[in-house]
Amino acid sequence: PALLVEPSAQNLAFYSEQFDDAYWSKLRVNTSSWANQEIAPNNTLTAEKLTQASGQTQAGVVFRSLTVSSGQAHTFSVFAKKGSRDFVALFSNLTGPTLGAYFDINNGTVGTISAGYSAKIENYGNGWFRCSITATSNSTSHIFFIYGVSANNTFTVPDDGGFQFIWGAQVETGSVATSYIPTTTQAITRGADVITRTSASALIGQTEGTLYVEFNMRTLGVEGYAIRLVAASFDNSVHIRRSTANLVTLELRSEGSNVFSQTFSATGFVKAAIAYKSGDIAAFVNGTQAGSTSTSAFTFGSSFTSVNLGTFGGTAFLNDLIRVAAIYPNRIPNTAAPGVLSLATLTAP
């Protein structure tokens, strides 16, 4: 169990679970009996069976043209499950030519990826995988394709009536597939997850304290905050954030100056802590000290009043999972006697 913190997102694809609808165009697909043929990831009988039409040796395809924002990254995602075939392919003409990636939905791996695109596959259980491709659009109108391929890096297929199951198409602005947003007759927008504890002055150490957080480090090349103390002036801050892909920064700012900053590499779930007191600041990651203890003196020019989780007050979203977040009003020591709480042994409270 963990808290997923995501920015606002909009699914631009209509009828996201109804590929049999006229909204979606089809080529080389047997549409005689394909709607509601498999239990979908949401445990409803709504997944569709993408079956190759008889007499065709080029992969069947479902596609749709959409209006998007030019010059921005867009992510196209679809849930897929193995049938008699082990692969699907997602393509688009976001960069100009029709390109994309192949996905092995038997082993849960990404196959060939076109230049200019990134791709990801995530296991959703019961044989379902969420496949996604990302690229930056070069105009405002693009087509998004779901191919029922039978092998990596080829659209040639046997004329054998092969099939896969598909469900939950999503096209959104951004470089990652956020939580699935179902649609029917229109684009649907999900609100941002803004988690803030206000009126928290009495809970926060105003001259000394410790922040601790366990959060997932998905590979995203953008800044995102895991936990942050908020003062009346943004020039004063203590926080733990993802600074870029696979890099975490623990930082203390006083009156607009970075008094302390340590950056480390991390993937998967990490446990990070920063303890602060004037002349005694330290950061620990997974029980190991990151850098050395700072003896820099500081004072905060304004009191901390609230705490943000997963965001910089509505911007710089973590877009990932937070498993534990804790605030201690005292500066926990780096190490201590056995059985005594320390930064080196700090875990979930």
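The values are calculated or read from the model by the stated rules, or taken from the named source; none is laboratory data. On a predicted model such as this, the values are computed, not experimentally measured, just so you know. When we count neighbours, we look across all protein chains shown, and the Cβ atoms used for this are built from the backbone with ideal geometry, even at glycine. With ligands, DNA and RNA removed, areas are computed over all heavy atoms of the protein, side chains included. Shrake-Rupley method; radii C 1.70, N 1.55, O 1.52, S 1.80 Å.
One Cα centroid belongs to region 35-50, the other to region 195-246; the line between them spans 41 Å. Mean-square fluctuations from a GNM of the chain, with a 10 angstrom spring cutoff on Cα atoms, peak among Gly224, Gly268, Gly111 at Gly268. Computed on the Cα atoms alone, the convex hull of region 92-160 gives a volume of 103 cubic angstrom per residue. Would you be so kind as to identify which of Ser16, Thr134, Val29 lies farthest towards the positive end of the dipole of the chain, taking Lys and Arg as +1 and Asp and Glu as -1 on Cβ and the Cα centre as origin? Highest projection toward the positive end goes to Thr134.
Can you spot the lysines whose alpha carbon is less than 24 Å from Lys120's alpha carbon? Ignore those fewer than 8 places along the same chain. The reachable lysines, counting only those whose Cα sits under 24 Å from Lys120, are Lys49, Lys81, Lys82. Could you work out Rg/(2.2 N^0.38 Å) for region 257-311, with Rg from alpha carbons only? The reported ratio for this selection is 1.28. Computed packing ranks the peptides 98-105, 312-319 as 98-105, 312-319, most packed first, by mean other Cβ atoms within 10 Å. For region 1-102, the per residue solvent-accessible surface stands at 40 Å², with DNA, RNA and ligands left out and a 1.4 Å probe. Treating r as the C-beta distance of Asn153 and Asp280 and R0 as 56 Å, the FRET efficiency rounds to 0.50.
Sequence-distant contacts, meaning Cα pairs under 8 Å at least 6 residues apart, place the relative contact order of the chain at 19 percent. Connecting C-alpha atoms closer than 10 Å in a GNM of the chain, tell me which of Ser199, Ser243, Ser77 has the biggest fluctuation. Highest fluctuation of the listed residues: Ser199.
Between rounded, prolate and oblate, where does region 1-143 land on the alpha carbon gyration tensor, with a ≥ b ≥ c its root eigenvalues, rounded for a/c under 1.5, else prolate if a/b exceeds b/c? It comes out rounded by the Cα gyration axes.
Protein heavy-atom accessible surface, 1.4 Å probe, per residue over region 208-319: 34 Å².
Surface composition of the chain: carbon plus sulfur atoms contribute 50% of the solvent-accessible area (1.4 Å probe, protein chains only, all chains present).
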